[in-house]
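First the structure, in the form of structure tokens, and then the observations on it.
The values are calculated or read from the model by the stated rules, or taken from the named source; none is laboratory data. Just so it is clear, the structure is predicted and the values come from calculations on it, not from any experiment. FYI the Cβ positions are ideal-geometry reconstructions off the backbone, even for glycines, and counts take in every protein chain you see.
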Amino acid sequence: MASATVELPTMIANVLGGVRRLEVNGTTLQEVLQDAFEKEPRLRVHVVDEHGEFRPHVLCFINEDNTRWHERRDLPIRDGDKITILQAVSGG
Amino acid sequence: MSDNAGKELVARLRESVREVGPREAADAAEGGAVLVDVREREEYAAGTATGALGLPKGYLEVWAESKIPDKKRPVVVFCQTGVRSLFAAEALGRLGYKDVRNLAGGYRGWAEAGLPTELPGGPLSDAEQRRYARHLVIPEVGLEGQAKLKNARVLLVGAGGLGSPAALYLASAGIGTLGIVDFDTVDESNLQRQVLHSPSRVGQKKVDSARRTIEDLNPFVNVETFDVRLDSSNADEIIEAFDVVVDGADNFPTRYLVNDACVKHDKPNVHGSVFRFEGQASVFQRGKSPCYRCLYPEPPPPHMTQSCAEAGVLGVLPGIIGLLQAIETIKLTLDIGEPLFGKLVLYDALATSFRTLKIRRNENCSYCADGAEFPGYIDYAGFCGH
């Protein structure tokens, strides 16, 4: 079981009452995200759809690597990994 | 030391450096040798052998290895008459260049032999060369690079928070033609970040205000304005006419339209977007990087996003991101450095952190996948999450 952090963008942090970072545990991306959703139930709907897939306007990085279009779904998580959730913003 | 030390040194160099005449030099260049003009920048700018590299003698040792990385490649150096270049030839030999020849008679002899010459600065006037003097001494820019900037046509989508800083610096740097597409008028609430505009312009068309600011800043820039909302009926005509597109839009429908048109017309799309204290930047180009749709296949539903008007934005933030876009545009135009292909820069102003994340192409992207036929523009009309 690895310990990792999930970092959230301002847009999502706003709907969680300002929570920008979660400490999570698990051995795969799916497990640590599930842990994050249990700790912040309102997070789930903003990150994944009803099938558990990342929403099209949301990105998830493990450290510096984008997980979108990755061949594997059960990406391993190691101690100290930083999971970054991003969402498209339109401001210009 | 004798009073004739200089002459003696030249005589010794003539014995040790291989000298060639103009015709032989031209044949060598034809066969792959690099012609190097070691005269001062002003002399080079006034005319040089066609295709010659400008490498002033004073900078020779500093620049040579970056400009001529292959030390086995034959080099023919020349100055005005063939004397200064003897010293340059000797210096290149000391740097390890294996085959260095001196053009006897120099540029004068080359021109008198009727061999081809060119103005490497192209259309740059003396006034422009004075204005861009700090660019001209940078090896990665120089006269050739500055001429590339002058010949470049860059389109700014939006004269707002991102477009303003990008426009100011791209104009100052000498981008020859700046296109600006924006249908909006200047509002007081824009002035906290949209530095192209000023209180006296409130109520004016943004494209007109932008034109005045840019023309004041640099009269050498040609400004082309499009006082329209970019949409699927005009995107082809506008975007096709430019070399690089800078996306400074403030809404998702325009961002997807810019992406799709850039993919269709194979234009680099220099992306920037901001929200409160956070910004994102990347460069998308078909075949070289993911496109915006690979990153975000669809816009968020309106209830999952907010615009700057709704949520606010720190006025300085688009300054940082817009200038990243300006620098990427310059790099693309000069073909230097590493553009942000396949990378997404995140800037968090509160944490003062820059992160560069790797992004992937969607191999099945309906727009940019290899061999994909353009599926047409998608009308996101009615999307209210501007």
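Table for the structure above
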item	result
Condition check for B:Gly109: in a helix (DSSP H, G or I) and either outside the structural domain of B:Ala26 (by TED's automatic domain parsing) or buried (at least 21 other Cβ atoms within 10 Å of the Cβ) (or both)	no
Residue check, A:Arg68 surrounded by fewer than 14 Cβ atoms within 10 Å (Cβ to Cβ) and of a type outside the set (Phe, Trp, Tyr)	no
Subset of the stretch B:145-191 (residues that are within 17 Å of the chain's Cα centre (by Cα) and either part of a loop (DSSP other than H, G, I, E, B) or free of Cβ contacts under 8 Å to residues at least 24 places away in the same chain (or both))	B:Ala152, B:Gly174, B:Ile175, B:Gly176
Of all residues making up the stretch B:83-103, the number that are over 21 Å from B:Arg23 (Cα atoms) and either touching a helix residue (DSSP H, G or I) at 6+ places or on another chain (Cβ under 7 Å) or part of a helix (DSSP H, G or I) (or both)	7
So B:Leu344, is it within 12 Å of another protein chain (Cβ to nearest Cβ), out of contact with any helix residue (DSSP H, G or I) (no Cβ under 9 Å at 6 or more places or on another chain), within 27 Å of B:Gln194 (Cα to Cα) and crowded, with 17+ Cβ neighbours inside 10 Å	no
Test: B:Glu363 is assigned to a helix (DSSP H, G or I) and without any contact (Cβ under 8 Å) to a residue 12 or more places away in the chain	no
Tally of residues being of a type outside the set (A, V, I, L, M, F, W, C) and either within 23 Å of B:Tyr296 (Cβ to Cβ) or touching a strand residue (DSSP E or B) at 6+ places or on another chain (Cβ under 6 Å) (or both) across the stretch B:309-337	7
Single condition B:His265 does not satisfy, out of (1) at positive phi; (2) touching a helix residue (DSSP H, G or I) at 6+ places or on another chain (Cβ under 8 Å)	(1)
Some residue of the stretch B:371-379 being within 14 Å of chain A (Cβ to nearest Cβ), closer than 22 Å to B:Pro268 by Cα and aromatic (Phe, Trp, Tyr)	no
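Each row is one residue, and each column tells you yes or no for (1) in contact with a helix residue (DSSP H, G or I) (Cβ under 7 Å, 6 or more places away or on another chain); (2) at the interface with chain B (Cβ under 10 Å from one of its Cβ atoms).
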site	(1), (2)
A:Ile12	yes, yes
A:Leu22	yes, no
A:Glu31	no, no
A:Lys39	no, no
A:Val45	no, yes
A:Arg55	yes, yes
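Residue by residue, here is whether (1) facing another protein chain (nearest Cβ under 8 Å); (2) small (Gly, Ala, Ser) holds:
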{"site": "B:Tyr296", "(1), (2)": "yes, no"}
{"site": "B:Glu310", "(1), (2)": "no, no"}
{"site": "B:Leu317", "(1), (2)": "no, no"}
{"site": "B:Leu323", "(1), (2)": "no, no"}
{"site": "B:Glu328", "(1), (2)": "no, no"}
{"site": "B:Lys331", "(1), (2)": "no, no"}
{"site": "B:Gly337", "(1), (2)": "no, yes"}
